[in-house]
Every structure is written in structure tokens, then in C-alpha cells.
Amino acid sequence: MAHTHTAEENKAVIAEIKKVTIILSVLTIVELILGFWMIGMDNAGLKLAIKGSIVILMMAKAFYIVAYFMHLKHELKNLIMTIVVPLALFIWFICAFLSDGNSFRNLRNTYNPYFKEQSTIKVEKKASPNHESTEGAHDEKAHEQK
Amino acid sequence: MSNVTTASSTEAKWWGGGKSPFNVEYGKVMMWYFLMSDAFTFGAFLISYGTVRFSTNGWPDPNEVFRSFPFAPEGVHAPLVFVSVMTFILIVSSVTMVLAVHAGKNMDKNGVVRNMIWTIIGGIAFLSCQAWEWNHLFHEGAWWGQNPFLNADGTASSTNFTNFFFTITGFHGFHVLSGVVINIIMLIMTLTDKFEQRGHYLMIEKAGLYWHFVDLVWVFVFTCFYLL
């Protein structure tokens, strides 16, 4: 297996590394630009669309790292499949758990007046870290659960 | 790519016995399966974070929380700047790792040493950044069970935000730390000619897989905590 590359192959490998580095940097910069654009944005629909695009860019970055840096694209198809197919479970995990979280929020907003009320009361920003008050908030939570 | 030559002649008989049906060395296959299981661990963490966030009405604004930069005056408002520095450090260290693996395939000991040193420096730089950020947040009153930050809409927040942040970035940071230790061991083994004696640098490739995985996880952690 310790077969060394010819000069031609070397060039191709280095060119691929350069290409992937540039792609990863560009994708990261685009993500950051989108992130800066979102700061202080009020339009909830546009914000959601930007967050969706950031997730797509994140998946693209993951693909380039796994396929080229981790070399998976150049492995045999059988090996690729034993790694990628189990990870497809994540599609279900994400759909199931996030919708579960969403449903739990709706249920709490409907049936737990305290939870609903807490999300409408604005509080003063604490000037300095105040551990006492965090503890207090904890106690209230504990009561609520009883 | 080095395996293509053997692949073409015996394409149909991968499962005939006598050789690895995946055409990779045993240790590398096992590293892949370890990384797959580790991906499920991180996935479980991040999905539970998402679930809790979806089940809550308000959440702190990351641009308010992560707004500081080392050596900048107190109260500076520089959201996303410091974390982008951390992200680029990790990407660059991943690139030097690929170059080390490539040098290893060519039996180029000096190339391996040089690129491994850069990778280790990148890993240590990332860990230092993370240590600074944790320390800074701790002094602002954030820790497990303590959240000084209000929700983005000005309502009182729970400690879920800090708990998830410190647990997940901590778990990732621990992976970076073990990656740096593994890379240092690989560097020592290269310097003592261990791989020259074996006739191959496959260990560098396995360490490389781990290091790229750490970079891969950061892509997800960075997006979930700082951007979304």
C-alpha cells in the first residue's frame, strides 16, 4: 500500500486540496455574511429563509470535508455505503425530535398559563452577574413543576 | 487513490477472500466506524439542543452573547468575529493535516513533520481561543446552571442555553484536546522513524481521519450555536 505517487498524481492531489480549501473558505465566508446580515433583522420570514440557507451551506461544507479531506469519495462504494447509510437515520431523528419539541411548546402554551405568561413579561437586564436571582428563578421553576 | 492500481485488476472478486473487501487497512475501517458512532453521539447532543430550543418560547440572541474579542475594550460589540477566527484556525489545521497525510503517502518524512507541527499549533491555538471564550463567559456569570443572558425578546431565560453551550462545546473541545495529543504522539513516532521502519505512514492517515472529524463537528457546532 505504500506506493508513492508519480509527479503527475502529486500535482492532481495538491490541486484538489487547494480547490477544497478555497471552497470551504468561501462557504464559511458566505455563512458569516449571512450571519451578519441577520443581526437585528425583524422580518421573521426572511430570517427563516437565511437560516435555511445557512443549514444548506453547512451540509455542503460537511460534504467537502468528508468526501475530500477524509478521502471517502475515493474509497470503494461498499465502504462508503456502510458509513453513509446508517447516518441517514439522522433525517428521521431531526424530523421526529424537532417536531416533538415544537409540539411540546404548543402544548405548554395551551395548557400551562405560567409558561405562557413568562414568555411575555419583559425583565430588566441584569447589570452584573447575580447568582442569587438565577437561584430564585430555579425555585420558581421547581414550584411550577409540582 | 494509491489503491486504484490493485482495484482495476481484481474488481469483481472483492469478497473472494484473502484481502480486505473494502481495500483499506483494518485500523482505518475501525477508525471510520468509531467516527460514525461518535457522529451519533454529537448528533444526539445537537438534536437534543434543537428539541429543547424548539420547545421554548424565547432564546438568547447569540450575537449578544458572543460579542467579545480578546484584548478589545470592555463592552465592544463584535458578534461572530472571534468565532470566525476559531473556525478558520480549524479549517487551516485540517488543510495542513491533509498535506501531512499526502506527504506520508510519498514517504516524505520532512513533509510529514512540518505539516504535523502546523496542525498541532492550529489545534493548540483553537483550544486557547476556546479557553479564553469560556473564561470570558464565566466572568460574565455564565456557567452550567447559571445564565445571565436574557432572551432575545427581553424575557427571562432558562439555563438551557448555557447548559447546552458548555456541554457541547466542552465535549468538542475535549475531542480537539485528544486530537492534539494523538497528533503529538504521531509527530514523535515520525521523528523516531517508527513509520520509516514500518515502511508506511498509515497511522498518520488514521490520525488525520480523527482530526478532520473534529473539524467536521465544529462545522455543525459553530452553525448551531453561533449562527442559527
Ratio for segment A:1-75, C-alpha Rg to 2.2 N^0.38 Å, reads 1.54
If I take R0 = 22 Å and measure r between the Cβ atoms of A:VAL84 and A:THR6 in this structure, what FRET efficiency does the formula 1/(1 + (r/R0)^6) give, to the nearest 0.05? 0.10
Along the Cα-to-C-beta direction of A:SER53, a point sits 7 Å from the Cα; which residues of segment B:185-228 have their amide N less than 15 Å from that point? B:228
Normalising by the residue count of chain B, find the relative contact order in percent from Cα pairs under 8 Å and 6+ residues apart. 25
At 222 nm, what value in deg cm²/dmol follows for chain B if DSSP H runs of at least 4 each add -39500 (n - 2.57) and the sum is divided by all its residues, to the nearest 500? -23000 deg cm²/dmol
Across peptide B:62-70, how many C-beta atoms of other chains are within 10 Å of each residue C-beta, on average? 1
Shielding score for B:78-91, defined as the mean number of other chain Cβ atoms within 10 Å: 3
Counting only other residues whose beta carbon sits under 11 Å from that of A:MET58, what net charge do I get with K and R as +1, D and E as -1? +1
Neighbourhood charge, 15 Å Cβ-Cβ cut-off, centred on B:MET116 and excluding it, Lys, Arg +1 and Asp, Glu -1: +1
Can you tell me the orientation of helix B:81-105 relative to chain B, as the angle in degrees between its alpha-carbon axis and the longest Cα principal axis, to the nearest 10? 10
Considering every Cα-Cα pair within the protein assembly as shown, what fraction, in whole percent, is farther apart than 37 Å? 29
In range of the label at A:ILE91: residues from segment B:12-42 whose backbone nitrogen is under 20 Å from the point 7 Å along Cα→Cβ: B:36-37, B:39-41
Checking a compactness column here: for segment B:1-149, what do you get for Rg(Cα) / (2.2 N^0.38 Å), N being the number of residues? 1.52
Pairs of alpha-carbon atoms within less than 8 angstrom and 6+ residues apart define the contacts here; what relative contact order does segment B:164-228 have, in percent? 48
Helix B:202-222 axis, angle to chain B major axis (alpha carbon atoms, nearest 10°): 20
With loop defined by DSSP as not H, G, I, E or B, and exposure as at most 16 other Cβ atoms within 10 Å, which is the longest segment of chain B clear of exposed chymotrypsin sites (Phe, Trp or Tyr not before Pro)? B:145-228
For the pair B:TYR33 and A:ASN109, how long in nm is the line joining their label points, each one 7 Å along Cα→Cβ? 4.6
State, to one decimal in nm, how far the label point of A:LYS19 lies from the label point of A:LYS73, with both points 7 Å from Cα in the Cβ direction. 0.6
What dipole magnitude, in Debye to the nearest 20, does the protein assembly as shown give about its Cα centre under +1 on Lys/Arg Cβ and -1 on Asp/Glu Cβ? 840
Please give the average number of partner chain Cβ atoms lying within 10 Å of the Cβ of each residue in A:75-82, rounded to a whole number. 5
Taking the number of other C-beta atoms within 10 Å as the exposure measure, put B:VAL81, A:VAL84, B:VAL98 in order starting with the fewest. A:VAL84, B:VAL81, B:VAL98
May I ask for the net charge around B:PHE54, where only other residues with Cβ less than 9 Å from the Cβ of B:PHE54 are counted and Lys, Arg are +1 while Asp, Glu are -1? +1
Given the pairs B:LYS19/B:LYS109; A:LYS73/B:LYS206; A:LYS18/A:LYS47, which span a C-alpha to C-alpha distance of over 25 angstrom in this model? B:LYS19/B:LYS109; A:LYS18/A:LYS47
Relative contact order of segment B:11-139, defined on C-alpha pairs under 8 angstrom at six or more residues apart (%): 14
Per the Kirkwood formula on distinct C-alpha pairs, the Rh of segment B:79-228 is how many angstrom? 16.7
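Every number here is computed from the coordinates shown, using simple stated rules; none is lab data. Not measured: the values here are computed from a predicted model. Don't worry about glycine lacking a Cβ; one is built from the backbone with ideal geometry, like all the others, and counts go over all protein chains shown.
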